[in-house]
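Remarks on the structure that follows.
The values are calculated or read from the model by the stated rules, or taken from the named source; none is laboratory data. All values reported here derive from a predicted model rather than from experimental measurement. No Cβ is skipped: glycine too gets one built from the backbone with ideal geometry, and neighbour counts run over all protein chains shown. Calculation scope for accessible area: heavy atoms of the full protein, side chains included, ligands and nucleic acids excluded. Shrake-Rupley method; radii C 1.70, N 1.55, O 1.52, S 1.80 Å.
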Amino acid sequence: MQSSSDLDLQSHLRELIPEQQDRLKKFKAEHGKVQLGNITVDMVLGGMRGMTGLLWETSLLDPDEGIRFRGLSIPECQKLLPAAKPDGEPLPEGLLWLLLTGKVPNKEQVDALSKELQSRAIVPDYVYKAIDALPVTSHPMTQFATGVMGLQVQSEFQKAYEKGIHKSKYWEPTYEDSLNLIARVPLVASYVYRRIYKDGHIIPKDDSLDYGGNFSHMLGFDSPQMQELMRLYVTIHSDHEGGNVSAHTGHLVASALSDPYLSFAAALNGLAGPLHGLANQEVLLWIKSVVDECGENITKEQLKDYVWKTLNSGKVVPGFGHGVLRKTDPRYTCQREFALKHLPDDPLFQLVSNLYEVVPPILTELGKVKNPWPNVDAHSGVLLNYFGLTEARYFTVLFGVSRSLGICSQLIWDRALGLPLERPKSVTLKWLEDYCKKAA
């Protein structure tokens, strides 16, 4: 638990970083030669699946219990992190403090960080002009990533590096860039939404609101329930350890000393892939296709037939399965609890509940899926749709705003710990064939 009354986040990092630098240096000296396991040909050919090869301090994913942010599960975060109202969802600012320091902040510290982010939330006009240069029909993620690249012009890290900053100080301008980026991406993201779907009628930020509440407001949704959903959404999507495409991409690009804007823009381009963040778009579109063909009052038997139809056509059922998890995603579970509290009678939520019962046995029977259980994407779209954010093509942008917290938090620690350029060894298929012949 947080004990210091100091409200300044950066001052906490100044205390923590020397301790962690010494910890890493000592650990590397004593245990650097310890083997973590064997690499198999399957791992090399299977996208490095299961290889232990990254240091990622902010979160850890367990195949059975799911994600932990600095050691805390999602239910623990919901219980311990400050909320906007009693028994409400955790404030994303509190999670950001937790990711950066490893300590649970108090409400005063979270409020101070919220005000700091508000003061940093200034986007130059040329960023919006860069977005406006694209066709309005461009995918929302294309427009969002373009806006992030526009923000890069003001990178403090780039300026400091060009002036010759000592590497021990790299984390300081990285901190400035990271908090600026986290503060500004909701403005860019909401601009993209209003530009595409609301005839360009922009809603100014409201400095009386917290991070999640203000993001909801700028999108055009001011109901207390939608603001609570946005707080929950940003919190649970913020980080998912370092091996997923967006997090790994951000880490990889940053290892070349690219600044946080360049690194995060690259991460967004990975997030935009249908096997990663774009899946949340695909889930709602698939669910709506079920309703269009079968109606809202579809029986479980009809649902089974539709699932088999999808699978037999060579497609996947979006929102089920995960590269690491082997049980129901706790991010799905907390969204289900939110739905039971706020929209228990919504037909699409009831359809999602029925899918929870129908799909896993079918995928198990199919015998090709290691994890037949729903992931985070299986639920988020239905919640957003209920409160009026019905444009599925935009959902991945919300994911991107959320992921800025995790990627930027880890990037600050990458710089503080002096993590090196990432450069794994690659081999040819012939090399593997020759190696296996010798091994045999």
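Tabulated results
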quantity	calculated
Every residue from the stretch 317-352 that is touching a helix residue (DSSP H, G or I) at 6+ places or on another chain (Cβ under 9 Å) and assigned to a loop (DSSP other than H, G, I, E, B)	Val317, Pro318, Gly319, Gly321, Thr328, Asp329, Leu343, Pro344, Asp346
Selected residue (criterion: most open to solvent (accessible area, probe 1.4 Å)) from residues of the stretch 138-167 that are assigned to a loop (DSSP other than H, G, I, E, B) and free of Cβ contacts under 8 Å to residues at least 40 places away in the same chain	His166
Complete set of residues in the stretch 239-252 that are over 19 Å from Pro92 (Cβ atoms) and open to solvent by 40 Å² or more (accessible area, probe 1.4 Å)	Gly243, Val245, His248, Leu252
The stretch 206-226: number of residues that are part of a helix (DSSP H, G or I), open to solvent by 30 Å² or more (accessible area, probe 1.4 Å) and among the hydroxyl-bearing types (Ser, Thr, Tyr)	0
Selection status of Gly314, small (Gly, Ala, Ser), buried (at least 16 other Cβ atoms within 10 Å of the Cβ) and not in a helix (DSSP H, G or I)	no
Selected residue (criterion: farthest from Asp210 (Cα to Cα)) from residues of the stretch 227-279 that are assigned to a loop (DSSP other than H, G, I, E, B), modelled with pLDDT of 95 or more and over 13 Å from the mean Cα position of the chain (by Cα)	Ala256
Of all residues making up the stretch 302-326, the number that are more than 18 Å from Leu366 (Cβ to Cβ) and not aliphatic (A, V, I, L, M)	1
Top-ranked residue of the stretch 168-190 - restricted to ones that are of a type in the set (S, T, N, Q) and more than 19 Å from the chain's Cα centre (by Cα), ranked as surrounded by the fewest Cβ atoms within 10 Å (Cβ to Cβ)	Ser168
First in the stretch 188-203 and touching a residue at least 24 places away in the same chain (Cβ under 8 Å) and assigned to a helix (DSSP H, G or I), second anywhere and open to solvent by 40 Å² or more (accessible area, probe 1.4 Å) and acidic (Asp, Glu), Cβ under 8 Å, 6 or more apart	Arg195/Asp132
Helices (runs of 4 or more DSSP H) enclosed by the stretch 33-121 - at least 1 residues per element that are open to solvent by 10 Å² or more (accessible area, probe 1.4 Å) and of a type in the set (A, V, I, L, M)	41-45, 74-80, 107-120
Meets criteria (over 27 Å from Asp199 (Cα atoms) and at pLDDT 95 or above) for Leu91	yes
Matching residues in the stretch 204-229 - criterion: being free of Cβ contacts under 8 Å to residues at least 40 places away in the same chain and of a type in the set (A, V, I, L, M)	Leu209, Met218
Residue in the stretch 354-368 that is among the acidic types (Asp, Glu), in a helix (DSSP H, G or I), more than 30 Å from Leu91 (Cβ to Cβ) and over 19 Å from the mean Cα position of the chain (by Cα) present	yes
Meets criteria (within 21 Å of Asp329 (Cα to Cα), out of contact with any strand residue (DSSP E or B) (no Cβ under 7 Å at 6 or more places or on another chain) and free of Cβ contacts under 8 Å to residues at least 40 places away in the same chain) for Val245	yes
Qualifying position, being touching a Leu at 6+ places or on another chain (Cβ under 8 Å) and of a type outside the set (Asp, Glu), among Ser59, Ser73	Ser59
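Yes or no, residue by residue, for (1) crowded, with 20+ Cβ neighbours inside 10 Å; (2) aliphatic (A, V, I, L, M):
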position: Lys129; (1), (2): no, no
position: Ala133; (1), (2): no, yes
position: Val192; (1), (2): yes, yes
position: Pro204; (1), (2): no, no
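Yes/no per residue for (1) basic (Lys, Arg); (2) buried (at least 24 other Cβ atoms within 10 Å of the Cβ); (3) at pLDDT below 95:
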site: Gly381; (1), (2), (3): no, yes, yes
site: Gly388; (1), (2), (3): no, no, no
site: Glu391; (1), (2), (3): no, no, no
site: Arg403; (1), (2), (3): yes, yes, no
site: Gln410; (1), (2), (3): no, yes, no
site: Leu419; (1), (2), (3): no, no, no
site: Pro424; (1), (2), (3): no, no, yes
site: Tyr435; (1), (2), (3): no, no, yes
